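Participant: There's a structure below that I have some questions on.
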Amino acid sequence: MTMNYQPPNLIGATTTSVASNAFMDRHDQARAAGTVMLYEFKNIKPKKQLKEITKILLPEKKSFFKMPYSFKYNMKDRCVVCGTQKVWESSDNLRPPLPLHKVRKGYPMRGTYCEKHAQIHRQYEMLEQQILAEEHGLS
């Protein structure tokens, strides 16, 4: 007997999107809902790594006849990338900043990041600091 189990805090997620799927590429696996993981980069150069991680953190778009027009998960307490519901405590040290619609710049969104994408956002911030330190000759 096969049961289609759907966790209560994921919108439209199935067990294949939560678990690691061998048929998904690394970009789709990083954007899917799931467990917290450290993202492994495809490139060696820090600038290309920054571009790669920015693509992952971009919010999911709605589309109408393949024309994007808005953001899919731009709701309070929803991850803007995968749609997972997450309520952050105000005293939580791991709470990410408000997501911006272009990751680095733009207007703030109503949603938030889940634990997985908050970890990837922290990795993004550390990479950004590393690039800035290398430009100014610091270690």
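The values are calculated or read from the model by the stated rules, or taken from the named source; none is laboratory data. Bear in mind that the values here come from a model prediction, so they are computed numbers and not experimental data. Note that we place each Cβ from the backbone using ideal geometry, even for glycine, and neighbour counts take in every protein chain shown.
Participant: Out of (1) surrounded by 14 or more Cβ atoms within 10 Å (Cβ to Cβ); (2) over 23 Å from LEU127 (Cβ atoms); (3) modelled with pLDDT under 90, what's the single condition that is false for THR2?
Facilitator: Status for THR2: all satisfied but (1).
Participant: Kindly provide the set of residues from the stretch 36-79 that are among the hydroxyl-bearing types (Ser, Thr, Tyr) and within 12 Å of ILE120 (Cβ to Cβ), ordered by number.
Facilitator: The answer is TYR39, THR54.
Participant: Return a yes/no flag: does the stretch 89-108 have any residue that is surrounded by 15 or more Cβ atoms within 10 Å (Cβ to Cβ) and in contact with an Asp or Glu (Cβ under 8 Å, 6 or more places away or on another chain).
Facilitator: No.
Participant: From (1) in contact with a Cys (Cβ under 7 Å, 6 or more places away or on another chain); (2) loosely packed, with under 15 Cβ neighbours inside 10 Å; (3) not β-branched (Val, Ile, Thr), pick out the condition that doesn't hold for ASP77.
Facilitator: (1)
Participant: Further, regarding this structure: Quick one: in the stretch 106-115, which of the residues that are in contact (Cβ under 8 Å) with a residue 24 or more places away in the chain and assigned to a loop (DSSP other than H, G, I, E, B) is farthest from ILE56 (Cα to Cα)?
Facilitator: ARG110
Participant: Another question, then. Out of curiosity, is TYR73 under 24 Å from LYS47 (Cβ atoms) and not in a strand (DSSP E or B)? Write out each step before concluding.
Facilitator: Values: under 24 Å from LYS47 (Cβ atoms): no; not in a strand (DSSP E or B): yes.
The answer is no for TYR73.
Participant: Which condition from (1) within 17 Å of the chain's Cα centre (by Cα); (2) within 20 Å of MET37 (Cβ to Cβ) is the one that LYS61 breaks?
Facilitator: Only one criterion is unmet by LYS61, namely (2).
Participant: When residues of the stretch 20-41 are filtered for being surrounded by 11 or more Cβ atoms within 10 Å (Cβ to Cβ) and touching a residue at least 12 places away in the same chain (Cβ under 8 Å), how many remain? Break it down stepwise before answering.
Facilitator: Initial filter on the stretch 20-41 (surrounded by 11 or more Cβ atoms within 10 Å (Cβ to Cβ)): 20-21, 24, 26-34, 36-37, 39, 41.
Now drop any that are not touching a residue at least 12 places away in the same chain (Cβ under 8 Å), which leaves 20, 26-27, 30-34, 36-37, 39, 41.
The number of residues fulfilling the criteria is 12.
Participant: Just to be sure I understand the filter: pairs with C-beta atoms under 6 Å, separated by 6 or more residues or on different chains, first member in the stretch 83-105 and part of a loop (DSSP other than H, G, I, E, B), second member of a type in the set (Ser, Thr, Tyr) and modelled with pLDDT under 90. Which pairs pass?
Facilitator: What qualifies is GLY83/TYR73.
Participant: Condition test on ALA133, is it part of a helix (DSSP H, G or I) and modelled with pLDDT under 90?
Facilitator: no
Participant: Quickly run through the stretch 45-70 and pick out the residues that are assigned to a loop (DSSP other than H, G, I, E, B) and modelled with pLDDT of 90 or more.
Facilitator: LYS45, LEU58, PRO59, PHE65
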